[in-house]
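S.K.: The structure under discussion is supplied below as structure tokens; questions concerning it will follow.
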């Protein structure tokens, strides 16, 4: 048996635009949350581009399915796409506080993702062949995500 190890890759501070409520879908309440900028730091650093969104579904139990696609440009000019899928859930009072934009200790709720990164820049080609997992924190107008490469 091989037990995977994790290696910290980067931290993302993802700035969000106003939420666009879509209403009830087949599986829950649908919303689009624009990704309008932010910063990347860690083994790579750069700027999150003003494009992309989280196409989120809130289920009957209050949990949210996260489905994001966006990109960042590294300080040395590479463009890297991120497709990040995950789940956020917790006690109703915690989820309600997050919905009101309150700061909540991330230890009080579960926010985990799996990410695939892609680039055509050969300096970072290894990200095309790597699985990443992330931990998240929801803020009033941003999300903080730490990505770890699965070894």
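S.K.: State yes or no: is residue 63 over 27 Å from residue 124 (Cα atoms) and in contact (Cβ under 8 Å) with a residue 24 or more places away in the chain?
M.R.: Numbers: over 27 Å from residue 124 (Cα atoms): yes; in contact (Cβ under 8 Å) with a residue 24 or more places away in the chain: yes.
Yes; evaluated as a whole, the condition is true for this residue.
S.K.: Follow-up. Return yes when residue 147 is within 15 Å of residue 9 (Cα to Cα), at pLDDT 95 or above, buried (at least 18 other Cβ atoms within 10 Å of the Cβ) and in contact with a helix residue (DSSP H, G or I) (Cβ under 6 Å, 6 or more places away or on another chain) and no when it is not. Show your work before the answer.
M.R.: Working: within 15 Å of residue 9 (Cα to Cα): yes; at pLDDT 95 or above: yes; buried (at least 18 other Cβ atoms within 10 Å of the Cβ): yes; in contact with a helix residue (DSSP H, G or I) (Cβ under 6 Å, 6 or more places away or on another chain): no.
It is false that residue 147 is within 15 Å of residue 9 (Cα to Cα), at pLDDT 95 or above, buried (at least 18 other Cβ atoms within 10 Å of the Cβ) and in contact with a helix residue (DSSP H, G or I) (Cβ under 6 Å, 6 or more places away or on another chain).
S.K.: From the list 136, 62, 77, which residue is crowded, with 16+ Cβ neighbours inside 10 Å and at pLDDT 95 or above?
M.R.: Details: 62 fails: at pLDDT 95 or above; 77 fails: crowded, with 16+ Cβ neighbours inside 10 Å.
Being crowded, with 16+ Cβ neighbours inside 10 Å and at pLDDT 95 or above holds for just one of 136, 62, 77, which is 136.
S.K.: Across the stretch 7-59, what is the total count of residues that are without any contact (Cβ under 8 Å) to a residue 24 or more places away in the chain and touching a helix residue (DSSP H, G or I) at 6+ places or on another chain (Cβ under 9 Å)?
M.R.: Going through the stretch 7-59 one residue at a time, the tally reaches 0.
S.K.: Just to confirm my filter: which strands (runs of 3 or more DSSP E) fall fully inside the stretch 1-82 and include at least 3 residues that are under 23 Å from residue 133 (Cβ atoms)? Steps first, please.
M.R.: Numbers: elements: 6-16, 20-24, 29-42, 46-58, 64-74.
Here the list reads 6-16, 29-42, 46-58, 64-74.
S.K.: Identify, please: which residue in the stretch 83-95 is part of a strand (DSSP E or B) and out of contact with any helix residue (DSSP H, G or I) (no Cβ under 9 Å at 6 or more places or on another chain) and is, among those, farthest from residue 138 (Cα to Cα)? Even if it seems obvious, please write down each step before you answer.
M.R.: Going residue by residue through the stretch 83-95, those that are part of a strand (DSSP E or B) are 83-89.
With out of contact with any helix residue (DSSP H, G or I) (no Cβ under 9 Å at 6 or more places or on another chain) added as a condition, the list becomes 83-87.
On the way: 83: 18, 84: 15, 85: 15, 86: 13, 87: 12 Å.
Per the stated criteria, the residue is 83.
S.K.: Scan the stretch 88-104 and give yes if some residue there is over 18 Å from residue 41 (Cβ atoms), free of Cβ contacts under 8 Å to residues at least 40 places away in the same chain and in contact with a strand residue (DSSP E or B) (Cβ under 7 Å, 6 or more places away or on another chain), otherwise no. Spell out how you get there, then give the answer.
M.R.: First, pick out the residues of the stretch 88-104 that are over 18 Å from residue 41 (Cβ atoms): 88-104.
From the residues that got through so far, the ones that are free of Cβ contacts under 8 Å to residues at least 40 places away in the same chain too are 89-97, 99-100, 102-104.
Within this subset, residues satisfying the condition of being in contact with a strand residue (DSSP E or B) (Cβ under 7 Å, 6 or more places away or on another chain) are 89-90.
So far as the stretch 88-104 goes, yes, one or more of its residues are over 18 Å from residue 41 (Cβ atoms), free of Cβ contacts under 8 Å to residues at least 40 places away in the same chain and in contact with a strand residue (DSSP E or B) (Cβ under 7 Å, 6 or more places away or on another chain).
S.K.: Restricting attention to the stretch 44-52, does a residue exist that is within 11 Å of the chain's Cα centre (by Cα) and surrounded by fewer than 17 Cβ atoms within 10 Å (Cβ to Cβ)?
M.R.: There is no residue in the stretch 44-52 that is within 11 Å of the chain's Cα centre (by Cα) and surrounded by fewer than 17 Cβ atoms within 10 Å (Cβ to Cβ).
S.K.: Before we move on, is residue 98 surrounded by fewer than 18 Cβ atoms within 10 Å (Cβ to Cβ), over 12 Å from the mean Cα position of the chain (by Cα) and outside any loop (DSSP other than H, G, I, E, B)? Break it down into steps so the answer makes sense when it comes.
M.R.: Numbers: surrounded by fewer than 18 Cβ atoms within 10 Å (Cβ to Cβ): no; over 12 Å from the mean Cα position of the chain (by Cα): yes; outside any loop (DSSP other than H, G, I, E, B): yes.
Considered against the rule, which asks whether it is surrounded by fewer than 18 Cβ atoms within 10 Å (Cβ to Cβ), over 12 Å from the mean Cα position of the chain (by Cα) and outside any loop (DSSP other than H, G, I, E, B), residue 98 comes out as no.
The values are calculated or read from the model by the stated rules, or taken from the named source; none is laboratory data. Quick caveat, the model's predicted, so the values are computed rather than measured. Cβ atoms come from the backbone with ideal geometry, glycine included; neighbour counts cover every protein chain shown.
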